[in-house]
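Peer 1: Before anything else, here's the structure in question.
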Amino acid sequence: MKRRHLILGGAAVATLGACSPSKFKRYNGPDVTGVVINKGERKMYLLHKDRVLKRYDIHLGFAPVGHKQVEGDGKTPEGTYRIDRRNPNSRFHLSLGISYPNAEDVRVAQEMGKRPGGEIFIHGQRHPMRLDKDDWTWGCISVSNKQMEKIYAMIKDGTPISINP
């Protein structure tokens, strides 16, 4: 009897697991060799060499104009960085870390007597059932959760990201 329960229970768990959609997608296309963010047009481009693979509409920090200089200014950094980490348990669905601040960012903030801040990510939505409108992050780059699932699968750690005004 116990063996039958184990088999039936295992089958039920496997079946239920197959029914729930995973936020972890697979990507088998060309490598993403670079990411370009154009803040002014609110667009993100995933590139393979000089070819655009995907483009996405984005939301930025709540103070979108200008380069992030200090913690809490609500600005999204500008410059060249790298994707340096990933967080599968982000409170914003999934997230990819951006290597802000670099040495120059730290120097500028220190000259002002402030901290440069950090924890800048590309991430999903704040509320999964509601599409975000306007710029609302504290300096991050936001896309929809469905888009973030694709982006998370496509971009590898170490990929360069250029964030333009």
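The values are calculated or read from the model by the stated rules, or taken from the named source; none is laboratory data. Nothing here was measured: the structure is a model prediction, and the numbers come from that model. Positions of Cβ are backbone-derived with ideal geometry, glycine not excepted, and every protein chain shown enters the neighbour counts. Ligands, DNA and RNA are stripped out before the accessible areas are found, and what is left, the full protein with its side chains, is counted by its heavy atoms. Shrake-Rupley method; radii C 1.70, N 1.55, O 1.52, S 1.80 Å.
Peer 1: Which of the residues belonging to region 90-108 are over 16 Å from residue 80 (Cβ atoms) and of a type in the set (A, V, I, L, M, F, W, C)?
Peer 2: Scanning region 90-108 gives 92, 94.
Peer 1: Could you please let me know if residue 93 is surrounded by 14 or more Cβ atoms within 10 Å (Cβ to Cβ), in contact with a Cys (Cβ under 8 Å, 6 or more places away or on another chain) and in contact (Cβ under 8 Å) with a residue 12 or more places away in the chain?
Peer 2: No: the conditions fail for residue 93.
Peer 1: Turning to a different aspect of this structure: Does residue 76 qualify as being modelled with pLDDT of 95 or more, hydroxyl-bearing (Ser, Thr, Tyr) and open to solvent by 50 Å² or more (accessible area, probe 1.4 Å)?
Peer 2: So residue 76 fails the test.
Peer 1: Can you give me the number of residues within region 18-37 that are open to solvent by 40 Å² or more (accessible area, probe 1.4 Å) and either outside any loop (DSSP other than H, G, I, E, B) or in contact (Cβ under 8 Å) with a residue 60 or more places away in the chain (or both)?
Peer 2: Number of matching residues: 9.
Peer 1: Say we look at region 96-125 and pick out the residues that are under 19 Å from residue 159 (Cα atoms) and hydrophobic (A, V, I, L, M, F, W, C); which of these is most open to solvent (accessible area, probe 1.4 Å)?
Peer 2: Here the answer is 103.
Peer 1: Right, another one. Identify all residues within region 41-51 that are modelled with pLDDT of 95 or more and open to solvent by 60 Å² or more (accessible area, probe 1.4 Å); write none if there are none.
Peer 2: Matches in region 41-51: 41, 42, 49, 51.
Peer 1: Could you check how many residues of region 126-162 are surrounded by 18 or more Cβ atoms within 10 Å (Cβ to Cβ) and touching a Ser or Thr at 6+ places or on another chain (Cβ under 6 Å)?
Peer 2: Looking only at that region, the number is 1.
Peer 1: If you go through region 102-143 one residue at a time, how many are farther than 14 Å from residue 90 by Cβ and modelled with pLDDT of 90 or more?
Peer 2: 18
Peer 1: Among the residues of region 52-69, which ones are of a type in the set (Val, Ile, Thr) and either modelled with pLDDT of 95 or more or over 15 Å from residue 165 (Cα atoms) (or both)?
Peer 2: 52, 58
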